[in-house]
Amino acid sequence: MISKQTEQRAEILKIAGLAFCSPLGRIFIEPIVVIKEFGFVGFLGYCIFSILVGTFGVNCILRSHEVLEEKRIK
């Protein structure tokens, strides 16, 4: 049985993961606007930043599923 607190923790992790993935989505949705805003060198830096932050976001999302699976198994 999964407690309410565990469900809330998993949901918070999932929402945080989606928030961390948003810079990566911005590059895919409007790359021209990002290039105009930061310049080409800034765009490359923003790409690296968004990939690192996006990786952390995906990790948070996967961790939220892991938390739920741990509680279901026990």
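The values are calculated or read from the model by the stated rules, or taken from the named source; none is laboratory data. The structure presented is a predicted model; accordingly, all values stated were derived computationally and were not measured. As a convention, Cβ positions derive from the backbone with ideal geometry for all residues, glycine included, and neighbour counts pool all protein chains shown.
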State all residues of the range 2-21 that are under 19 Å from the mean Cα position of the chain (by Cα), surrounded by fewer than 16 Cβ atoms within 10 Å (Cβ to Cβ) and not charged (D, E, K, R); if no residue qualifies, say none. 8, 12, 15, 18, 19
Determine if the range 56-74 includes at least one residue that is in contact (Cβ under 8 Å) with a residue 40 or more places away in the chain, assigned to a helix (DSSP H, G or I), among the basic types (Lys, Arg) and loosely packed, with under 13 Cβ neighbours inside 10 Å. yes
In the range 43-55, what residues are more than 17 Å from residue 19 (Cβ to Cβ) and either surrounded by 13 or more Cβ atoms within 10 Å (Cβ to Cβ) or modelled with pLDDT under 90 (or both)? 43, 47
For residue 24, indicate whether it is surrounded by 12 or more Cβ atoms within 10 Å (Cβ to Cβ) and either under 16 Å from residue 62 (Cβ atoms) or touching a residue at least 40 places away in the same chain (Cβ under 8 Å) (or both). yes
Which residues, counting only those in the range 27-42, are acidic (Asp, Glu) and either surrounded by 14 or more Cβ atoms within 10 Å (Cβ to Cβ) or in a helix (DSSP H, G or I) (or both)? 37
